[in-house]
Amino acid sequence: MKIENAKAQMKKGVLELCILAAIAGEEEAYPSDILQKLKEADLLVVEGTLYPLLSRLKDDGLLEYTWRESRSGPPRKYYRSTEEGRAFLAELNSAWLDLVKTVDEALRRSGGIDKIIKSDQPAIRMEKTLEKTAESQPSDSGNDAVEPEENNIV
């Protein structure tokens, strides 16, 4: 397996979380705005990946949309989170943080990563990511996603 394929698969696994978080942060979100937010977080997603996910999330009752007239072309769909979508996002974010903690613990206990990569900077240090995430989250919501660290188009 090539490393780029493995990285892309990992990112695909958290894409739903990141999309829901991007939309939940706004009253309404246009797909190009969602793509821009993901790009700013170094998670490059193409339209061909985003639109099917938006449709599925809408069909699952996690998102809804409204059509709005555009001054420069056809009407546009604007997405927003449903109440069910916000609750799902909170649960998904909690599961993500648990998974990050579990994987980090497994990697630290194995000792294999530090043996393979010889440097002053440990290869995997999710506890720093968790600390940063915990500091940035409001104490009552827990809805923010952990930002990916490397560029890959999904």
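The values are calculated or read from the model by the stated rules, or taken from the named source; none is laboratory data. No experiment lies behind these values; they were computed from the predicted model shown. Heads up, the Cβs are rebuilt from the backbone with ideal geometry, glycines too, and the neighbour counts pull from every protein chain shown.
General remarks:
For (1) surrounded by fewer than 18 Cβ atoms within 10 Å (Cβ to Cβ); (2) within 16 Å of TRP96 (Cα to Cα); (3) modelled with pLDDT under 90, each residue gets a yes or a no:
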{"position": "ALA6", "(1), (2), (3)": "yes, no, yes"}
{"position": "MET10", "(1), (2), (3)": "yes, yes, yes"}
{"position": "GLY13", "(1), (2), (3)": "yes, yes, yes"}
{"position": "LEU20", "(1), (2), (3)": "no, yes, no"}
{"position": "ILE23", "(1), (2), (3)": "no, no, no"}
{"position": "GLU28", "(1), (2), (3)": "yes, no, no"}
{"position": "ASP33", "(1), (2), (3)": "yes, no, no"}
{"position": "LYS39", "(1), (2), (3)": "yes, no, no"}
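- If you go through the stretch 16-42 and pick out every residue that is assigned to a helix (DSSP H, G or I) and either touching a Ser or Thr at 6+ places or on another chain (Cβ under 6 Å) or not small (Gly, Ala, Ser) (or both), you end up with 16.
- Residue within the stretch 7-25 that is among the polar types (S, T, N, Q) and touching a residue at least 24 places away in the same chain (Cβ under 8 Å) present: no
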